[in-house]
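Heads up: the structure comes next, in structure tokens.
The values are calculated or read from the model by the stated rules, or taken from the named source; none is laboratory data. Worth saying up front: this structure is predicted, and the values here are computed from it rather than measured. Heads up, the Cβs are rebuilt from the backbone with ideal geometry, glycines too, and the neighbour counts pull from every protein chain shown. All accessible areas refer to the heavy atoms of the entire protein, side chains included, with ligands and DNA or RNA removed. Shrake-Rupley method; radii C 1.70, N 1.55, O 1.52, S 1.80 Å.
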Amino acid sequence: MSASRLDAVYRSILITKFFTKGWGKPENLRRLFEFRKVVSNRDECFKLIERDYAVTITKEQKLSDCTLLEGYFISPLHRYLPGIVPEMAQKAHFQVLLPIHWPEKGVKPMCLHLAGTGDHFFWRRRNLMVKPLIKEAGIGGIILENPFYGLRKPIDQVRSSLHNVSDIFVMGGCLILESLVLFHWCERNGLGPLGVTGLSMGGHMASLAATNWPKPLVLVPCLSWSTASAVFLQGVMSQSINWDLLEDQYLSDGEYREKLSKMVTIVDEAFLAGKKFAQTYHPSTHPVSTTVDVAKKLDVTYNETNLENPDIVDMTKNMVELNKNVPKKKAKPFPRETLIQELQRLLDEKKISQQLYEKLLSNDKFELLPQDIEDINKLTEDHFNEILMKCKIADLRSTGIVENNTELTKTDQKTGAQPILKPQTQLQPVPETKLVKAKSKSWTVSEITSDLWSNLPFLKSKSEKKIDWSKVHWRDREALQFMRGIMDECTHLSNFSVPFDTSLIIAVCAKHDAYVPRDDVGTLEEIWPGAEVRYVDAGHVSAYILHQSLFRSCIKEAFERSKKKWRDGKHN
């Protein structure tokens, strides 16, 4: 999946930062993890909200094209987890827009619209989605204000900058239960069939909300996927997080590391292991039959080619290239002669110093000076690997990090074994004046690359440079693995019940989405068999701007399916 450059540029100019105060209180996280096990079970969660849950309507206004209602109710999460929902977020505010005349007798379709990141108040969803749906298809809408947004934003919060990682889970827990309250309210007022939708974060929240309604429910999640972990760890949103702060908190407070980390699971670990196997698979060691029955996947991509009439949508169906994902052989290491030539080129181009050049080709131990580290950090990843495989690491005692010598063994010329670093002290990010001792461990070359060159603590203390976390894979850092685990624990759709009728699900994704990566996580089709996924040939930002009519057309289509298949919760 090629990522959209526009997404990266757009994210880079935004000043919104997330989780500026850290993970949140360990006790709050523990309570949220435990409550997740309740709300992830549809039968148990549905019992939490009584059918006549108190809802107050504060305003009713007749407009030229619809009837507008405004109201509020107390978030059920505040009742079940007192003290965890901020005071300003405890009152759930919403708007309802109803057609003046329903197109079909006895049918009053209603769709709940949940907010994406930064979508404060009601006006954006009201004008871009709800009013057009009323005009085009007679589908009424409910607009629910997100916790931490608009009327529910804590006084000390700036824009959409959530203070703690736990806030995103509080938001999700609130929206799951609040959606049930509004579905019950619709039923009491004779409205239905029901549906839920949202864009970006709103799409994922809509997916979570849909898992706990035990009746047919239209679901159209747009520009979202199966888990939020990839969004914050691999997508461009990861650049808006202070990872140094999160890691410092994680390492300094044993509650996170020793207790909370054991309560969460990285859901797609098996998927990632299988993917790694596929990437390293060599057909010569596993011969297969020349006749292969290849399952054909359908790639459905929408393109809005007629901008003058955005309601006209061209749909093209292209077969996925069968050989697109064939594993490529890994490049063999350069021979020493080639390495010397590469280092000579770097020397000639003045990218490394003569002193560093001689050190890297020496068979003796050497000391890494701050300037050497600066030069090495400017090299590409391929050069890192080649140099690391050929060089011996200096005595690092002068940096104040390691007390004992660390030795890199030469490659076994007979067996071709990979060289490994066997440190007597494990290297991890630590406070500048402290030394951390851990159990002995063997390091692979890839681990050396990330943990020595990219993230050694002395890079902070000596060069006054922070770690570039956008270049660090989440699996290479303990704190990032914790982030992956807690995000999967509370947001991965496989941890929740499957929606009542998956045939009423139409998900819309951007093929080049840099906000919501899809490469390393399970697919919606696998998690929800029967769900349909469609793709728009755009990035996240451009899809949001240009394809609103497509999102509405999918909502209309899903409601038509519901009306044909179900009547008052029973098959037609």
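Please indicate, with yes or no, whether at least one residue in the range 521-540 is basic (Lys, Arg), surrounded by fewer than 19 Cβ atoms within 10 Å (Cβ to Cβ) and at pLDDT 90 or above.
Initial filter on the range 521-540 (basic (Lys, Arg)): 534.
After this cut, where a residue has to be surrounded by fewer than 19 Cβ atoms within 10 Å (Cβ to Cβ) as well, the list is 534.
Remaining after also requiring at pLDDT 90 or above: 534.
Scanning the range 521-540 turns up at least one residue that is basic (Lys, Arg), surrounded by fewer than 19 Cβ atoms within 10 Å (Cβ to Cβ) and at pLDDT 90 or above.
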Sort out which residues of the range 73-89 are open to solvent by 30 Å² or more (accessible area, probe 1.4 Å) and either in a helix (DSSP H, G or I) or in contact (Cβ under 8 Å) with a residue 40 or more places away in the chain (or both), and write them in order of number. HIS78, ARG79, TYR80, PRO86, GLU87, MET88
Out of (1) open to solvent by 10 Å² or more (accessible area, probe 1.4 Å); (2) of a type in the set (Asp, Glu); (3) more than 17 Å from the chain's Cα centre (by Cα), the odd one out for ASP167 is which? (3)
Matching entry among ARG36, ARG51 (being part of a loop (DSSP other than H, G, I, E, B) and either basic (Lys, Arg) or under 29 Å from the mean Cα position of the chain (by Cα) (or both)): ARG51
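Would you list the helices (runs of 4 or more DSSP H) that sit entirely within the range 513-572 and hold 3 or more residues that are in contact with a Pro (Cβ under 6 Å, 6 or more places away or on another chain) and touching a residue at least 12 places away in the same chain (Cβ under 8 Å)? Walk me through how you get there before you give the answer.
Numbers: elements: 524-527, 540-546, 548-565.
Because the criterion is at least 3 residues that are in contact with a Pro (Cβ under 6 Å, 6 or more places away or on another chain) and touching a residue at least 12 places away in the same chain (Cβ under 8 Å), the helices (runs of 4 or more DSSP H) in the range 513-572 that meet it are 548-565.
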If you take the residues in the range 54-72 that are in a loop (DSSP other than H, G, I, E, B) and open to solvent by less than 90 Å² (accessible area, probe 1.4 Å), which one is nearest to ILE143 (Cα to Cα)? VAL55
Scan (1) under 23 Å from the mean Cα position of the chain (by Cα); (2) buried (at least 19 other Cβ atoms within 10 Å of the Cβ) for the single condition LEU245 breaks and write down its number. (2)
Sole exception among (1) surrounded by 20 or more Cβ atoms within 10 Å (Cβ to Cβ); (2) free of Cβ contacts under 8 Å to residues at least 60 places away in the same chain; (3) in contact with a Gly (Cβ under 7 Å, 6 or more places away or on another chain); (4) of a type in the set (Phe, Trp, Tyr) for PHE122, by number: (3)
Please specify each residue of the range 192-223 satisfying the condition of being open to solvent by 10 Å² or more (accessible area, probe 1.4 Å) and either under 16 Å from ILE168 (Cβ atoms) or touching an Asp or Glu at 6+ places or on another chain (Cβ under 7 Å) (or both). SER200, MET201, HIS204, MET205, PRO216
Would you say ASP268 is farther than 30 Å from LEU546 by Cβ, at pLDDT 80 or above, open to solvent by less than 50 Å² (accessible area, probe 1.4 Å) and within 20 Å of the chain's Cα centre (by Cα)? no
A careful count of residues in the range 114-156 that are within 16 Å of GLY172 (Cα to Cα), assigned to a helix (DSSP H, G or I) and touching a Lys or Arg at 6+ places or on another chain (Cβ under 6 Å) gives 0
